[in-house]
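S.K.: Have a look at the structure that comes next, please.
The values are calculated or read from the model by the stated rules, or taken from the named source; none is laboratory data. Since this is a predicted model, take the numbers as computed values, not measurements. A quick note on method: Cβ atoms are made from the backbone with ideal geometry, for glycine too, and the neighbour counts reach across all protein chains shown. Keep in mind that these areas ignore ligands, DNA and RNA; they rest on the heavy atoms of the full protein, side chains included. Shrake-Rupley method; radii C 1.70, N 1.55, O 1.52, S 1.80 Å.
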Amino acid sequence: MILLENCRLPTCVLSGVDAGALPSGDPLVNPVVEARLVIKNGRIEAIEPPGGAPPDQPDLEVTDMKGALLLPRFLDAHVHLDKAHTWDRAPNRSGTFAEAIDILGRDRDRWDEDDLYRRANYTLKCAWAHGTTAVRTHLDTGLPLSETSHRVMAGLRREWAGKIELQSVSLCSVEAYATEAGPALADLPLRHGASAIGGMPVMNPRLEDQLDALLRLASERGCGVDLHVDESGDPEARTLLAVAEAVLRNGFAHTVTCGHCCSLAVQPPEVRRTTMEKVRAAGIHIISLPLCNLYLQDRVAHGEKEAGQAETPSWRGITLINEWMRQGTVTACASDNVRDAFYAYGDLDAFEVLLTSIRAAHLDNQLQRAVEVVTTAPATIMDLPRHGRIAPGLPARLIAFEGRSFSEWLSRPRQPRRLFENDRWIQPAVPHPAELDPA
């Protein structure tokens, strides 16, 4: 049995325990409780007030955490492992969405099995070292390489089992589901163990029919859908509203997730209000991708004309994270792209995602819930109820930081972190970039 004394736990990740019975900090600036954790055989036995007599166990191992902040491991619910770490050979010189699509479209010829495996496995090593325990990747589907991409991810899912829960989702044009190829397109990812089928709806006269076809195929196969929606600053892009209406119209009973939803932030208040009400009624989950959208959005209006002539963007590119959370919509934040044409940086570090989300979206306005966006919310989206929480009976998937308060924790992004794994503390090394080099 293991006793972790003098821990500080974010209140929003606690479950099955009376947080009011534990000493707590200021809920607006330091939303934590002080506690000790009793762990046995890799599971949390109890969450108790600090101090007092230790359990009467002859094999008891006590560790004084000295007030360190302790969290459940992170979940990253929207990434693109098939594109990761292609920047050096396919850079996006303008930083625009259009060039990202073009340059990666030409790079796909290099995505053979060895290339996909090397880049995706390296990226998962980074996620693991940073403290992530579950990842959902979108995979370009409907192209000649589709079978290869899904087969490689299925192999990595088996290889990483027990460390990272790897999920996959297809990514293609939603209009393709309304063609004769629709059933085969839906079956391909599921044949390789995908968790949902997905795509990118765009505004067009047949959008309702296309969404109905997608939801019908998903319903027949008993799976959810996970979509890229309104990834632009166009106020006329209203596919999120169309998705919500389609879910309600079809009585779709499975999980629906919409990522990005950027254009909502530049739409009139009445459109925002109607869309958000429909999303709430439809039970849709939302994922914001702040790193990528801060990078890409508003470069169309303020695009770089020539070297040194770029203009500062006038909006942040992110969806209405605070508003989504306040209305009770499950809202996560995720990494999206990592060192590719859509985002030149990143290391699949969910702590970086959280920190950026707090700063860019002013989540300090509801700091007591901010940690949800990389823990409990993605766990709900990914249907992983035993992840992203700290509760009696759950596995002790924990990560410890040296910061003792939210201010200390959020002020030092590169601080050491330790993972609790198999009843012991470990500190995995981040892989060296040379591992990306072809053999």
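S.K.: Which one of these does residue 232 not meet: (1) closer than 30 Å to residue 295 by Cβ; (2) at pLDDT 95 or above; (3) open to solvent by 10 Å² or more (accessible area, probe 1.4 Å)?
M.R.: The number of the failed condition is (2).
S.K.: Which one of 355, 348 is more than 12 Å from residue 288 (Cα to Cα), touching a Ser or Thr at 6+ places or on another chain (Cβ under 9 Å) and not hydroxyl-bearing (Ser, Thr, Tyr)?
M.R.: 348
S.K.: Could you check segment 242-300 and list, in sequence order, the residues that are among the acidic types (Asp, Glu) and at pLDDT below 95? Walk me through how you get there before you give the answer.
M.R.: At the first step, the residues of segment 242-300 found to be among the acidic types (Asp, Glu) are 245, 270, 277, 298.
Of everything in segment 242-300, just one residue is among the acidic types (Asp, Glu) and at pLDDT below 95, namely 298.
S.K.: If a residue has to be among the basic types (Lys, Arg) and closer than 22 Å to residue 121 by Cα to count, how many in segment 394-439 make the cut?
M.R.: Total satisfying the criteria: 3.
S.K.: Specify the residue that is least open to solvent (accessible area, probe 1.4 Å); the eligible residues are those in segment 189-201 that are farther than 16 Å from residue 247 by Cα and touching a strand residue (DSSP E or B) at 6+ places or on another chain (Cβ under 8 Å). Show your work before the answer.
M.R.: Of the residues in segment 189-201, the ones farther than 16 Å from residue 247 by Cα are 189-195.
Add one more test, that the residue is touching a strand residue (DSSP E or B) at 6+ places or on another chain (Cβ under 8 Å), and what stays is 189-190, 192-195.
On the way: 189: 0, 190: 50, 192: 34, 193: 40, 194: 16, 195: 47 Å².
Applying the filter and picking the extreme gives 189.
S.K.: For segment 67-84, check the following and say yes or no: at least one residue is of a type in the set (D, E, K, R) and farther than 27 Å from residue 9 by Cβ.
M.R.: Yes, some residue in segment 67-84 is of a type in the set (D, E, K, R) and farther than 27 Å from residue 9 by Cβ.
S.K.: Is it the case that some residue within segment 91-107 is open to solvent by 70 Å² or more (accessible area, probe 1.4 Å), among the charged types (D, E, K, R) and closer than 22 Å to residue 198 by Cα?
M.R.: Scanning segment 91-107 turns up at least one residue that is open to solvent by 70 Å² or more (accessible area, probe 1.4 Å), among the charged types (D, E, K, R) and closer than 22 Å to residue 198 by Cα.
S.K.: Residues in segment 214-228: is at least one surrounded by fewer than 22 Cβ atoms within 10 Å (Cβ to Cβ), free of Cβ contacts under 8 Å to residues at least 60 places away in the same chain and at positive phi?
M.R.: Within segment 214-228 (the criterion being surrounded by fewer than 22 Cβ atoms within 10 Å (Cβ to Cβ), free of Cβ contacts under 8 Å to residues at least 60 places away in the same chain and at positive phi), the answer is yes, since at least one residue qualifies.
S.K.: Scanning for something out of contact with any Asp or Glu (no Cβ under 8 Å at 6 or more places or on another chain) and more than 19 Å from residue 121 (Cβ to Cβ), does segment 160-170 turn up at least one residue?
M.R.: Yes, that holds for at least one residue.
S.K.: Okay, moving on. Can you name the residue in segment 331-364 that is in a loop (DSSP other than H, G, I, E, B) and surrounded by fewer than 21 Cβ atoms within 10 Å (Cβ to Cβ) and, of all such residues, is nearest to the chain's Cα centre (by Cα)?
M.R.: 347
S.K.: Still on this structure, please answer the following. Could you list all residues from segment 177-225 that are closer than 24 Å to residue 381 by Cα and in a loop (DSSP other than H, G, I, E, B)?
M.R.: Selection gives 192, 193, 194, 195, 201, 202, 222, 223.
S.K.: Here's something else I'd like to know. Being within 23 Å of residue 80 (Cα to Cα), out of contact with any Lys or Arg (no Cβ under 8 Å at 6 or more places or on another chain) and assigned to a loop (DSSP other than H, G, I, E, B) is the filter here, so list the residues in segment 313-330 that pass it.
M.R.: If the condition is that a residue be within 23 Å of residue 80 (Cα to Cα), out of contact with any Lys or Arg (no Cβ under 8 Å at 6 or more places or on another chain) and assigned to a loop (DSSP other than H, G, I, E, B), then 316, 317, 318, 319, 330 are the ones that fit.
S.K.: Evaluate segment 238-256: report whether one residue or more is in contact with a Pro (Cβ under 9 Å, 6 or more places away or on another chain) and β-branched (Val, Ile, Thr).
M.R.: Within segment 238-256, one or more residues are in contact with a Pro (Cβ under 9 Å, 6 or more places away or on another chain) and β-branched (Val, Ile, Thr).
S.K.: What residue, among those in segment 16-55 that are open to solvent by 50 Å² or more (accessible area, probe 1.4 Å), among the small types (Gly, Ala, Ser) and assigned to a loop (DSSP other than H, G, I, E, B), is nearest to residue 380 (Cα to Cα)?
M.R.: Among those that are open to solvent by 50 Å² or more (accessible area, probe 1.4 Å), among the small types (Gly, Ala, Ser) and assigned to a loop (DSSP other than H, G, I, E, B), it is 16.
S.K.: Which pairs turn up if I take residues in segment 32-47 that are within 10 Å of residue 2 (Cβ to Cβ) and look for partners that are of a type in the set (Asp, Glu) and buried (at least 16 other Cβ atoms within 10 Å of the Cβ) with beta carbon separation below 9 Å, at least 6 apart in sequence or on another chain?
M.R.: Pairs found: 37/5; 37/45; 37/48; 38/45; 38/48; 39/45; 42/421.
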